[in-house]
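J.: I am attaching a structure below and will ask some questions about it afterwards.
Taken together, the values in this text are just the output of simple stated rules run on the coordinates, not laboratory data. Here the structure is a predicted model, which means the values were calculated and not measured. So basically every Cβ, Gly included, is an ideal-geometry build from the backbone, and we count neighbours across all protein chains shown.
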Amino acid sequence: MWLELGLLILLLLILFLTMLPVWRNVERRYLTQELKKHPELTIAQLPLGIVNYHFAGGCDLPVVVLVHGFSVPSFAWEKNVKAIEQSGFRVLTFDLFGRGYSARSNTRYNLELFSNQIEQLLDHLHIEQAVHLVGLSMGGAIVANYAKAHPGRVASVSLLAPLNEPIDIGPLKLPFIGRYLTYAFYLPKMVNEQIKDFVKPELLDYWQQRYREQMKIKGFRNAIYLTANQALQQSSQQALESLKINHIPTLLMWGKKDQMFDFNQSDKVRSYLSSDHTFVALEDAGHALQYEKSEVVNEALVEFIQGLADKKEPARRPVL
């Protein structure tokens, strides 16, 4: 009797653990269904897939491209776009593949994919002038890699607490079990884990609400799992060092209360950059510094980019 009871409990436990990723899956709709519900979105059909983007500002102005991080899509820049645009720039934001309302292809989610996404989007929009790139977190690694591959198309790079070294994801990197753990335990916690990006939790409710929207679109789980195992495992040291080699003006900003990428990492990143880079340390700011400290970040970005034009130095050929 006790043996039979034990076997029954074991079978129920196995069934529960097997079904857990299914029960905790909130993906209910396809991207095509969501796009029909949001005709106000601007969609680009690129060779790599569709991309949701927003391009604001007058013609013939300098272009600033804002690249978000690991999982939060382009709404992360909501407090920055208008201020930068009103300072005399065109501002381009977009959702990286696998996030927001961009394609969720089953492909390699490495830094090269996202760098190619930038290249194809600039071509689609016929942007021929060198652009000012701004990258947040993983977006910092992406823009550094893009600048390394296409130095002639980059006027400056601004890095906000950039991903700069491979991230230890523990058992999530294990074959089969890693995907199971991601779907069953890691992803369901991601909404609540957003609090770690903030110093002031009162800003979190709206952020989490917007974040949940993308989690309901099929393909998000797969994209996050693959990105963690691919893009987050790449080193950005050579890409960051290439900014110095190619004489690309660089701004680095970091929040002193960053819980994701400790402020001490800024010393290492600064050692990769040229001695004349600009560094801004933000008091009482966490990883979402562009959101919590938007006024400070906007002012620093605009001052840095406008200052480049004021210098009126002759352009130096990049090292190809």
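J.: For the chain, give the magnitude of the charge dipole about the Cα centre (Cβ charges: +1 Lys/Arg, -1 Asp/Glu; no others), in debye to the nearest 20.
T.: 800 debye
J.: Continuing with this model, one more query. Could you compute the FRET efficiency for Lys216 and Gln259, with r as their C-beta to C-beta distance and R0 at 25 Å, rounded to 0.05?
T.: So, using R0 = 25 Å, E works out to roughly 0.40.
J.: Moving on. Determine the calculated [θ] at 222 nm for the chain from helices alone, applying -39500 (n - 2.57) to every DSSP H run no shorter than 4 residues and normalising by the residue count; nearest 500 deg cm²/dmol.
T.: Roughly -12000 deg cm²/dmol at 222 nm, from the helical runs in the chain.
J.: Give me the extension gain from Gln230 to Leu11: residue separation times 0.36 nm, minus the current Cα-Cα distance, reported in nm with one decimal.
T.: Contour length minus the Cα-Cα distance gives 75.4 nm.
J.: Report the extension gain between Lys37 and Trp2 in nm, rounded to one decimal, defined as 0.36 nm multiplied by the number of residues separating them, less their alpha carbon distance.
T.: Extra length from Lys37 to Trp2 when fully extended: 7.1 nm.
J.: Sticking with this structure for a sec: If the limit is 22 Å between Cα atoms, which of Lys196/Lys218; Lys200/Lys256; Lys189/Lys268; Lys148/Lys268; Lys173/Lys268 go over it?
T.: Distance filter (> 22 Å) returns Lys196/Lys218; Lys189/Lys268; Lys173/Lys268.
J.: Gain in length, Asp284 to Asp60, computed as 0.36 nm per residue apart minus the alpha-carbon separation, to one decimal in nm?
T.: In short, 76.9 nm is gained.
J.: Another question, then. For segment 137-146, what does the Karplus curve 6.51 cos²θ - 1.76 cosθ + 1.60, with θ = phi - 60°, yield as ³J(HN,Hα) per residue in whole Hz, taken in order and with x for Gly and Pro?
T.: Once rounded to whole Hz, the list reads 6, 4, x, x, 5, 5, 5, 5, 5, 5.
J.: For Gln86 and Arg24, FRET efficiency with R0 = 45 Å and r from the beta-carbon atoms, rounded to 0.05?
T.: Rounded to the nearest 0.05, the efficiency is 0.55.
J.: Please report how far the C-alpha centroid of segment 274-292 lies from that of segment 150-209, rounded to the nearest whole angstrom.
T.: Cα centroid of segment 274-292 versus Cα centroid of segment 150-209: 18 Å apart.
J.: Under 5 Å between amide H atoms, partner at least 5 residues away or on a different chain: which partners does Ile50 have, H built in plane at 1.01 Å?
T.: Ala103
J.: Let me check against my output: what whole-number percent is the relative contact order of the chain, with C-alpha pairs under 8 Å and at least 6 apart?
T.: Relative contact order here is 20 percent.
J.: When semi-axes √(5λ) of the Cα gyration tensor in Å is calculated directly from the model, which label among (i) 37, 21, 19; (ii) 52, 21, 16; (iii) 35, 23, 19 fits?
T.: Correct label is (i).
J.: Arrange the peptides 214-220, 277-283 so that the one whose residues have, on average, the most other Cβ atoms within 10 Å appears first.
T.: My ranking of the peptides, most packed first, is 214-220, 277-283.
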